[in-house]
Amino acid sequence: MAVYTDTRTATPLKAEEGLSGGLQPKIPLSPSERVSTSYPVAHELDLVPDADEQIPNDLLTLDLEGRALVLDFGLFVLINLYCPNEGSDARFSYKMNYHLMLQERVRGLIAAGREVVVIGDLNVCAAPIDHCDGHLPSNASTFWEYPARVWIRDWLAPRGPLIDVLRRLWPDRNGMFTCTCHISDVL
């Protein structure tokens, strides 16, 4: 994962890999080199148990796939992500726990008075209009039964602190699917 910037207009002052604060370079970052002073803690989150009913006790395990970069630009913090998809039932808890860790990291930054921009692939639809099959009656009636969709709906304004810029600018525009059907979903 990478973030490219035009240093004539925006230069990151600090950068970290991951959301948990546990990933460190070979020479660990000093407190002054870190983006924030606090990080999500597993026992403070309502994490989802896996198939063996185990709940992570360390969020570092959620960061080991290299899915996030956090950059401090001074005026704002940019979080660039590739959130987990759900290729199998076994990945459901990992996906949900990653989302919960992200939400807590953003909450902590906002609580510290920071402006936060979250970009990348969240691998979840915020509304039926964002899914290629969301308009189908069979999907519309069950759309909000999926926990990840409830999570994103509740995290975005007006319920939560984040703004979906795409839907703010084009609230009713069809065909801008942020999620499409995979062939395995149809079979």
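The values are calculated or read from the model by the stated rules, or taken from the named source; none is laboratory data. All values reported here derive from a predicted model rather than from experimental measurement. Virtual Cβ from ideal backbone geometry, glycine too; neighbours counted across all protein chains shown. Areas reflect the complete protein model, heavy atoms only, side chains present, ligands, DNA and RNA absent. Shrake-Rupley method; radii C 1.70, N 1.55, O 1.52, S 1.80 Å.
Straightening the chain between residue 107 and residue 57 buys 16.0 nm, computed as 0.36 nm per residue apart minus the Cα-Cα spacing. What the Cβ-Cβ distance of residue 5 and residue 138 gives, at R0 = 45 Å and to the nearest 0.05, is a FRET efficiency of 0.55.
Amide H to amide H distances under 5 Å link residue 116 with 77, where only residues 5 or more positions off or on other chains count and H is placed in the peptide plane. The residues of the chain expose on average 60 square angstrom of accessible surface per residue, using a 1.4 Å probe on protein heavy atoms. Given a 1.4 Å probe and the protein chains as shown, residue 91 ends up with an accessible area of around 60 Å². Here residue 150 and residue 82 are evaluated by their C-beta separation; at R0 = 30 Å the FRET efficiency comes out at 0.90. Where in the range 110-143 does the label zone of residue 23 land, with the point 7 angstrom along Cα→C-beta and an amide N cut-off under 19 Å? Hits in the range 110-143 for residue 23 at 19 Å: 117-124. Rounded to the nearest 20, the Cβ-based charge dipole of the range 30-187 about its Cα centre (Lys and Arg +1, Asp and Glu -1) stands at 640 debye. Seen through its C-alpha gyration tensor, with square-root eigenvalues sorted a ≥ b ≥ c, the range 30-123 comes out prolate because a/c lies at 1.5 or above while a/b is bigger than b/c. Taking the three principal axes of the alpha carbon atoms in the chain, the coordinate ranges are 53, 45, 29 Å, sorted in descending order.
The share of accessible area on the range 56-167 that comes from carbon and sulfur is 57 percent, using a 1.4 angstrom probe.
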